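The values are calculated or read from the model by the stated rules, or taken from the named source; none is laboratory data. Everything quoted here is computed from the prediction, not taken from an experiment. Here the Cβ positions follow ideal geometry from the backbone for every residue, glycine too, while neighbour counts run over all protein chains shown.
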Amino acid sequence: MRWREVLMLGVCGTLLANEVYSQEKSATKEPAEKKAVPSASSAFEEAYNAHDIAKLTSLFTPTAVIINEEGEKHEGEKGLKQLFEMTFKNSPDGKMRIDVETIRPISETMSIEDGWTTFFPEPGAPETKRRYSLVSTKKDGKWLISSVRDFAPEVVITPHQRLQEIAWLIGEWIDEHDESIVETSCRWSEDGNFILQDFTVRFTGANTIKGTQRIGWDPLRKSFRSWTFDSEGAYSEATWWRDGYSWLIKTEGVTSDGEPASASRTITPLGKDAFGMTITERVSAGERLPDMSLTVVRRPPPPTETTSSTPKKK
């Protein structure tokens, strides 16, 4: 709901403007002005979280107006009350966070504030972020909101939502070769923000290696990254890029002997129960290794026990 972000933003911004002016006043008035800021802010947040419409409307001037990005207006006490009722009806569990960017004093009784609001409609749902501009006025020693302008929302995509692109990896997989069998199990982390992978590599006539991998979203590089560790002490880090239906994975790490290792992999889904993998540019301890191509298939579910329909003889 586009109005929700505006509500909490307004009062907190007004309070910050109050603090700016308090710094310009005499030392005798400054402590009292500053002392009122956290109290009023806390009251507004408490009123919003409690969905207390009466307390919320008291924080606006009698002629206040809220304008959304489409130019729709809600004016005066009656209009704001209807807006708040609609807001809380459509999102009974909504919460909000405010990030103030600038406060520009116009006079001792007026200020303009710009910033962002982030609205959380309900636990687990995508949050919405939007820019706002607010004008506050001071009357009888009290700062009130006189107008708020709401701009187009910015939808914040969570790490879990981004990982849906590779959520097809979730499940049990197996890759069999003449010299080894690789079994992999992928699942969501408890918070849903990572894909966790456990793998076991069984070599013919050699030790078994086990390991784990964590795949997540890197907001700085704007790509997926993964971290892998195995039971022999080797570890690696990889960056993922999408290329059409395939994923390009550049890996760099250290072997269990402390030697540098790197490789480039390309994985391509082959339906819902298989994917192809090509491994190139393999280098370990300075030695170039041959390229590899393989197909990984989803492990079929274990057979279920069946009972005979023929009655037993007595």
State all residues of the range 220-255 that are in contact (Cβ under 8 Å) with a residue 24 or more places away in the chain and outside any strand (DSSP E or B); if no residue qualifies, say none. 232, 234, 245, 255
Which ones in the range 128-152 are under 17 Å from residue 74 (Cβ atoms) and either in the same structural domain as residue 198 (by TED's automatic domain parsing) or under 16 Å from the mean Cα position of the chain (by Cα) (or both)? 130
Conditions first: (1) surrounded by 14 or more Cβ atoms within 10 Å (Cβ to Cβ); (2) at pLDDT below 95; (3) closer than 24 Å to residue 273 by Cβ. Residue 242 passes all but one, so which condition is the exception? (1)
Could you tell me which numbered condition residue 98 fails, if it satisfies all but one of (1) closer than 30 Å to residue 160 by Cα; (2) in contact with an Asp or Glu (Cβ under 7 Å, 6 or more places away or on another chain); (3) buried (at least 18 other Cβ atoms within 10 Å of the Cβ)? (2)
Residue under evaluation residue 206, criteria (1) touching a strand residue (DSSP E or B) at 6+ places or on another chain (Cβ under 9 Å); (2) touching a residue at least 12 places away in the same chain (Cβ under 8 Å), criterion not met: (2)
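Can you find, within the range 163-181, the residue that is surrounded by the most Cβ atoms within 10 Å (Cβ to Cβ) among those that are over 14 Å from residue 196 (Cβ atoms) and touching a residue at least 60 places away in the same chain (Cβ under 8 Å)? First the steps, then the outcome.
Step one: of the range 163-181, the residues over 14 Å from residue 196 (Cβ atoms) are 164-165, 168, 174-181.
From what's left, touching a residue at least 60 places away in the same chain (Cβ under 8 Å): 165, 168, 174-175, 177.
Working: 165: 13, 168: 14, 174: 13, 175: 17, 177: 11.
It comes out as 175.
Which residue out of 205, 216, 192 is more than 23 Å from residue 276 (Cβ to Cβ) and either aliphatic (A, V, I, L, M) or outside any loop (DSSP other than H, G, I, E, B) (or both)?
Working: 205 fails: either aliphatic (A, V, I, L, M) or outside any loop (DSSP other than H, G, I, E, B) (or both); 192 fails: either aliphatic (A, V, I, L, M) or outside any loop (DSSP other than H, G, I, E, B) (or both).
None of the others qualify; the one that does is 216.
Can you name every residue in the range 140-187 that is in a loop (DSSP other than H, G, I, E, B) and closer than 25 Å to residue 274 by Cα? I'd like the intermediate steps shown before the answer.
The initial filter retains those residues of the range 140-187 that are in a loop (DSSP other than H, G, I, E, B), namely 140-141, 156-158, 170, 177-179.
Result: 170, 177, 178, 179.
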Evaluate the range 238-248: report whether one residue or more is more than 25 Å from residue 168 (Cβ to Cβ) and assigned by TED's automatic domain parsing to the domain that holds residue 201. no
Verdict on residue 284 being in the same structural domain as residue 170 (by TED's automatic domain parsing), out of contact with any His (no Cβ under 9 Å at 6 or more places or on another chain), modelled with pLDDT under 95 and farther than 23 Å from residue 171 by Cα: yes
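Please find, among 75, 85, 101, 69, the residue that is assigned by TED's automatic domain parsing to the domain that holds residue 117, of a type in the set (D, E, K, R) and touching a residue at least 60 places away in the same chain (Cβ under 8 Å). Let's see the steps before the verdict.
Values: 75 fails: touching a residue at least 60 places away in the same chain (Cβ under 8 Å); 85 fails: touching a residue at least 60 places away in the same chain (Cβ under 8 Å); 101 fails: touching a residue at least 60 places away in the same chain (Cβ under 8 Å).
After applying the criteria, what remains is 69.
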Residues being in contact with a Phe, Trp or Tyr (Cβ under 8 Å, 6 or more places away or on another chain) and buried (at least 18 other Cβ atoms within 10 Å of the Cβ) - total across the range 57-83: 7
Restricting to the range 103-119, count the residues that are over 17 Å from residue 150 (Cβ atoms) and either of a type outside the set (Lys, Arg) or in contact with a Leu (Cβ under 6 Å, 6 or more places away or on another chain) (or both). 8
